[in-house]
Each structure stands twice: as C-alpha cells, then as structure tokens.
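First comes the structure, then the notes that go with it.
Derivation of every value follows stated rules applied to the coordinates shown; laboratory data play no part. Being a predicted model, the structure only gives us computed values, none of them experimental. Reconstructed Cβ throughout: ideal geometry from the backbone, glycine too, with neighbour counts over all protein chains shown.
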Amino acid sequence: MLISVNESFLVNDLIEIGTKQGSLRKKDQLKLSRPPWPQRSGLSADSWLQANPHRLRRTAQIVFLGICLWIGWRFVQFYFSILTPGQAIVSRPPGVEAFLPISALMSARFWFETGIVHPVHPAGLLIFGAILLISFLFRRSFCSWVCPFGFLSEKLADAGRRIFGRNFRLPRWADWPLRALKYLLLGFFVWVIFFCMSLADLRAFLNSPFNQTADVRLLQFFLHPSTITITVLAVLVGLSILVRHLWCRYLCPYGAFTALVGMISPTRIRRNIPSCIECGKCAKACPASLPVNRLLAVHSDECSLCLECVQACPITDTLAVQTIYPRRRVRPLIIALAIAGIFLFTIVFGKLSGHW
Ligand code: SF4
Ligand code: SF4
C-alpha cells in the first residue's frame, strides 16, 4: 500500500471539509491528495508514478506543447526567411505537417491504394500513422497526453473552475447530439476523400499548389486573422472556460478519429470491485463525466486514459489500466514511454526512409 486506507480517508475527509468551507483552492486540494515525491515518501519512482499519474501526464503535455511551440517558432522563422530577399533560408520543420490532418487523410488513402508515400507532406502521413497506433494501443490518450489543444482546453476549464467554482455540464439531451457533431465532421471528410474522389482527383489535389502550400496558408490564417476568425476563436475560448473539453468532446474530428480507433483498443480502465468502497471520487474526477464507480471496465469512446480517476481513487490498486487479454496491468510510465517511443520511432523511420 502506498498510503494506508485510514490515512487516505483522513486526507480525503480533510479535503472535503476544506472544499465545503471554501478554504481550499483546487491547487491546494491537488497538493493534499497527492502523495509526496518519491524521495520523501520512500517509494520507488515507478510505484509513486503508479499512484500519482497526474504529474506524469502533465509533464508529457508540457513537453509536447514545448515541441509544438518550437516547431511553430521555426516555421515562422522559415516563413519570414523565404519572404525576405537575401536572407539565409531557415530549414522548414517537418513536424508542422502534424497540423495538416486533411492532407494526411488524403495521403493515407493514396498510400493505401498505391503503396506509395506521396512526396508532398510525407511527415504528415507518418504522424497520422503514429496517432493511429497510439490510439489503438491506448485509446484516446493522444488527446489527453499529447495534443496541445487538449492541454489548452484543460487549462481553460481549470480557469473556469477557479472563476465560477465549477465547470458546467450540458444536459444529457444536448450532450448526446453535440457529441455526435465531431463524428459527423469526421464522417464528412472520410466520405469526400474515400468515396467522392477518384484516385486521379486525389493525385491532382495532393500535387496542387494549394496542398503544397497548405502549411504556409495555415500560418497566414493565424498571422492575419479575419474578424470572423477572431470571433469564432473568442467564442470557442469563452465556451471552453465554461464547459470542460468543449472542443475535444463536441467538435474535434481528430478526437473523433482517436475515439473510434480507441474503441478497438485492447486497453481500458478496470475497477477491482472487491476493494472498491464505492465512494464515487473517480466519477467525480472524470473529465468525461463517466460513471467509473458503477462500471467494471470503462468502454466509452470518451475515455481518454487521462488517469484522473486512478489519481482520485483513495484505495490503492482499485483502478488501473489493464489489457483485455491476457489481463495485465499497464503502468502509467509505460504509457508515457510508449507514446514518446512511437513518436521517436516515427521520426527516425521517416528520416531513414527519406519521408521526413
Ligand atoms: S474505484 Fe471509484 S468508487 Fe471505488 S474506491 Fe476508487 S474512487 Fe471510490
Ligand atoms: S474514465 Fe478515467 S481515464 Fe477515462 S476519461 Fe474518465 S478519468 Fe480519464
């Protein structure tokens, strides 16, 4: 046991009392509910991380956000270097193609039918493949461990919680149809790319100047936003402060893709019923509002393997990520290392094969 049951009850009771009295802010609640760092708790780093996956996930999110910002900065430098006559051209970071998902989907069909990696934005296709593999292995973990928009969305919701004391949840009658929106958007792109375009159309589009400069157009879109763009972004930011994961839950087609692939993943959150005391803290902590405390295993497409339920559970080894068959526990550190490893392998493979 990492922390005895009695100790954990005491801590949780104190947190609840503090929360009710309004004397504990969320930051303090989190500090209290977490066991101390491994050096001080006497636990091995691995056991500590198993009981405290929040910091590991947060670290992964910050690292990936840093990588995205670096890619963005290099791409801006590249953009201005090609615009300024006489200036040495800064090399273009291939990782920017991660932000061209429609082009990647088209390249995926092109590769599927011809066996050839299309030479325009090849890194986009490889990154798409990496996300597919991550989603198959660890469900929607891309959204909660990697995606900078998922991270931003979480931070906006945290800000909303600080301002309003809570995040708002849409009523069931609105939540269900709105959740379908992201699938409709994804379905539309899949229908157009896979069923409406011939191979010749696809080749023509992939070779077109529009596709070749899609990354530059995307940058220009954000460098010179129209009034409509600013208004839409402001509305999205405002609503994301009120409703947790508004973008990821209702609108993101990439989220729909990772959710669909995640449905056939061999991993899921599993509850050990004999040790569960049915306190409901897991369900309360779940950002996807899943009734974890009433499930044996979480099969929902909305589960992003964020492990907040595991973090919130006061009884050690009651909630964990497990494979279906053979039934094995997957430690949070393994998830983090596997995600990082898949991206590293993708880059190395891309460089060695000339597709990066
Ligand atoms: S699984 Fe959920 S309900 Fe059961 S003890 Fe853990 S937090 Fe409480
Ligand atoms: S069930 Fe657990 S891992 Fe899945 S979204 Fe909810 S809190 Fe995250």
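For the chain, what is the charge dipole size about the Cα centre, in debye to the nearest 20, if Lys and Arg each add +1 at the Cβ and Asp and Glu each add -1 at the Cβ?
The calculation lands at about 740 debye.
In Å and whole numbers, how far do the C-alpha atoms of region 116-218 stretch along each principal axis, longest first?
54, 32, 28
Write down the percent of antiparallel bridges among all DSSP beta bridges whose residues are both part of the chain, to the nearest 5.
Approximately 90 percent, going by the DSSP bridge assignments.
Under the Kirkwood approximation applied to all pairs of distinct alpha-carbon atoms, what is the hydrodynamic radius of region 172-257 in Å?
Final number for the Kirkwood radius of region 172-257 is 15.4 Å.
Add +1 for every Lys or Arg and -1 for every Asp or Glu among the other residues with Cβ under 11 Å from the Cβ of Glu302, and state the total.
Value of the local net charge: +3.
Give, rounded to the nearest 20 debye, the magnitude of the charge dipole that region 197-274 has about its Cα centre when Lys and Arg contribute +1 at Cβ and Asp and Glu contribute -1 at Cβ.
That gives a dipole near 500 debye.
Under a crude label model (7 Å from the Cα following the beta-carbon direction), how far is Phe189 from Ser47 in nanometres?
Rounded to a tenth, the inter-label distance reads 4.5 nm.
To the nearest 20 Debye, how big is the dipole of region 224-356 about its Cα centre, given +1 on the beta carbon of each Lys and Arg and -1 on that of each Asp and Glu?
The dipole of region 224-356 has a size of about 340 debye.
Which helices count as membrane-span-like in the chain under these terms: full DSSP H, at least 27 Å along the axis by C-alpha, Kyte-Doolittle mean of -0.5 or more?
53-83, 172-190, 332-353
Which Rg and Dmax, in Å, describe the Cα atoms of the chain?
For the chain, the Cα radius of gyration and maximum Cα-Cα distance read 22.1, 71 Å.
Just need log10 I(q)/I(0) for region 258-353 at q = 0.15, 0.23 Å⁻¹, Debye formula, equal scatterers on the alpha-carbon atoms, no solvent, rounded to two decimals.
-0.62, -1.23
Please state the Cα pair-distance histogram of region 314-355 with 5 angstrom bins from zero: what percent is in each bin?
Per 5 Å bin, starting at 0, the Cα pair percentages come out as 5, 19, 15, 17, 13, 11, 9, 5, 3, 2.
Take every Cα-Cα pair in region 163-210 and report what % of them are more than 18 Å apart.
That fraction is 57 percent.
Pull the list of the chain cysteines that no other Cys approaches to under 4.7 Å, Cβ to Cβ.
Cys68, Cys143, Cys147, Cys196, Cys248, Cys252, Cys276, Cys279, Cys286, Cys303, Cys306, Cys313
Scattering from the C-alpha atoms of region 231-277 alone, worked out with Debye: what is log10 I(q)/I(0) at q = 0.19 1/Å?
Here the Debye-derived log intensity ratios amount to -0.75.
Beta carbons within 10 angstrom, averaged per residue: use that to sort the peptides 132-141, 115-124, highest first.
132-141, 115-124
What full-extension length gain, to one decimal in nm, is calculated for Ile163 and Asn272 as 0.36 nm per residue of separation minus the Cα-Cα distance?
Length difference between fully extended and current span is 35.6 nm.
Which value in nm describes the separation of the simple spin-label points at Val235 and Ile324, placed 7 Å from the Cα toward the beta carbon?
3.9 nm
Going toward the positive end of the dipole of the chain, with +1 on Lys and Arg Cβ and -1 on Asp and Glu Cβ, which of Ile324, Phe222, Gln87 do you reach last?
Ile324
I need to check one value: relative contact order of the chain, counting alpha carbon pairs closer than 8 Å and at least 6 residues apart, in percent.
Once divided by the residue count of the chain, the mean separation gives 23 percent.
Whole Å is fine, so just give me how far the alpha carbon centre of region 295-327 lies from that of region 178-212.
35 Å
From the residues Leu305, Met263, Leu295, which one has its Cα farthest along the dipole of region 256-318 in the positive direction, the dipole being from +1 and -1 charges on Cβ of Lys/Arg and Asp/Glu about the Cα centre?
About the Cα centre, the residue reaching furthest to the positive side is Leu295.
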